[in-house]
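Read the figures in this text as sums done on the coordinates, not as results from a lab. Just so we're clear, the structure is a prediction, and the values are computed from it rather than from any experiment. Cβ sites come from the backbone with ideal geometry, for glycine too, and all protein chains shown count toward neighbours.
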Amino acid sequence: MSIVILRLPDVKRKTEIRPQECPKCGGEIFQRWGKVRKPVRDNRYRSVQVYRYRCCSCRLTFRHYPEGVDRADQTQRLRKLVALGWVLGMSLRGVVTFLSAFGVTVSHMTVWRDMQEQAKMLEKRRRWQPVRVLGVDGVYLSEKGKKRPVLIAVDLGNGQPVAIGKVDESNPQAVRRWLEPLVKRLGVSVIVTDDLLSYRVVAEKLELEHQVCQFHVRRWVGRTLSELRETVPKDWLWVLDDVKHLLEELPPEGSTRLFEMWKQIPERQVGQSGSRSPLVQLRHLLIRLSERWHKYRVFAWQEEVPWTNNGTEQTIGRMKVRSRTVRGYKSWQGMWAAFQLTGSGVSW
Ligand SMILES: [Zn+2]
């Protein structure tokens, strides 16, 4: 999903096209009212020509800018180029140095502002785009030298970043407070997450279909199985093999088969030390997997639902890479912009 699509805005040195309507009264008849040479910061031009017009209805005089130019002294192309440099891994000062090689002088504060502006534009554009399948995952990212729990949401249909919040994923109330407005606004019907209790609680409360990432399930079940392989009586090793096989195949009848195995294993009392015997642990694993089985295979009957949360993890991966190159984020604003800009790879 990290396709690089670079569409830099065009910049014209002048325009002969007359304005459509007066910005104040909507009038459509104008007189030319002189021209000015506007100095700009741009990778190609040092200045552009701007005509002034006077509205014949309300007599307002105003500047009519050529394509790619507005009131700012940087052209739209340069602003995007600046943000792009940052997205591709340069620091604020790195971008300053990079542009100076082309004879363009900008300050590192300008770079910061440009990057924030681009991030806001992207967020605005995505704000009301409906999302059917939402990937959600938590991560610790460093901000001002401290690790902060962050929750991120990604549209798994197109890989675009959706939201980032200061939320600890292990807190169900906090996850719900954050997720509920998003789900309502975007019309989400399926979430994809790892196997945490808080996500199960929230999915149920918000009546969402819930696909549990199978990478996570295989990881923790794999660990549990290899521990049990050392401790479970030999007669029951076949159960471990069957569980492993079921998770690889994810058949519809998996839940029933796990339940059948659970019934076959005799119930034992808790060991003297209070620890659970290996067979009790195995029964526990079987019933747990059996009960959650439907959450493992939502992808099999719901369209466009992936069987892992890989799309969300890729976004997190890119944010971590960015975090390393800038030696940790200096502020929440920086982290937020990184999410908006680098979250989907370079595709704006
Ligand atoms: Zn007017």
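Which FRET efficiency, nearest 0.05, do Leu88 and Trp33 yield, Cβ-Cβ r, R0 45 Å?
Working from the Cβ atoms, E equals 0.60.
Could you derive backbone 3J(HN,Hα) for the stretch 28-42 from the dihedral phi with the Karplus parameters 6.51, -1.76 and 1.60 (θ = phi - 60°), listing whole Hz in sequence and x where the residue is Gly or Pro?
Running phi through 6.51 cos²θ - 1.76 cosθ + 1.60 with θ = phi - 60° gives 10, 10, 9, 10, 5, 10, x, 9, 10, 9, 9, x, 10, 9, 7 Hz.
What fraction, in whole percent, of alpha-carbon pairs in the stretch 213-317 exceed 23 Å separation?
Working: 1813 of 5460 pairs.
The calculated P(r) of the stretch 213-317 puts 33 percent of pairs beyond 23 Å.
Using the Karplus curve 6.51 cos²θ - 1.76 cosθ + 1.60 with θ = phi - 60°, work out ³J(HN,Hα) for each residue of the stretch 48-59 in order, rounded to whole Hz, and write x for Gly and Pro.
10, 9, 10, 8, 9, 10, 10, 6, 6, 8, 10, 6
State the Cα centre-to-centre distance between the stretch 8-77 and the stretch 299-321 in whole Å.
45
What angle do you read, to the nearest 10 degrees and between 0 and 90, between the alpha-carbon axis of helix 254-264 and the longest principal axis of the chain?
30
Roughly what would the spin-label model give for Lys146 and Lys12, points 7 Å off Cα along C-beta, in nm?
Spacing of the two 7 Å Cα→Cβ label points: 5.2 nm.
Which value, in debye to the nearest 20, describes the size of the charge dipole of the chain about its Cα centre when Lys and Arg Cβ atoms bear +1, Asp and Glu Cβ atoms bear -1, and nothing else is charged?
Working: 61 positive and 36 negative charges, 563 e Å.
Dipole size: approximately 2700 debye.
If I take the Cα coordinates of the stretch 30-124 and project them onto the principal axes, what are the three extents in Å, biggest first?
50, 32, 18
Does anyone have the angle between helix 76-87 and the longest principal axis of the chain? Alpha-carbon axes, 0 to 90°, nearest 10?
30
Just for the chain, what percent of DSSP beta bridges are antiparallel, to the closest 5?
Details: 26 of 36 bridges.
The answer is about 70 percent antiparallel.
Between Ser277 and Arg292, with labels modelled 7 Å along Cα→Cβ, what's the label distance in nm to one decimal, could you check?
2.6
Compute the length gained on full extension between Gln20 and Leu206: take 0.36 nm times their separation in residues and subtract their Cα-Cα distance, giving the result in nm to one decimal. Please list the in-between numbers first.
Values: separation 186, 0.36 × 186 = 66.96 nm, distance 4.82 nm.
Taking Gln20 through Leu206 to full extension adds about 62.1 nm, to one decimal.
log₁₀ I(q)/I(0) of the stretch 68-187 at q = 0.10, 0.18, 0.23 Å⁻¹, via Debye over equal Cα point scatterers, no solvent, to two decimals?
The calculated log intensity ratios at q = 0.10, 0.18, 0.23 Å⁻¹ are -0.43, -1.01, -1.22.
Can you pull the Rg over Rh of the chain, Cα-only, Kirkwood? Show your work: numbers first, answer last.
Details: Rg = 28.2 Å, Rh = 24.2 Å.
Result: Rg/Rh = 1.16.
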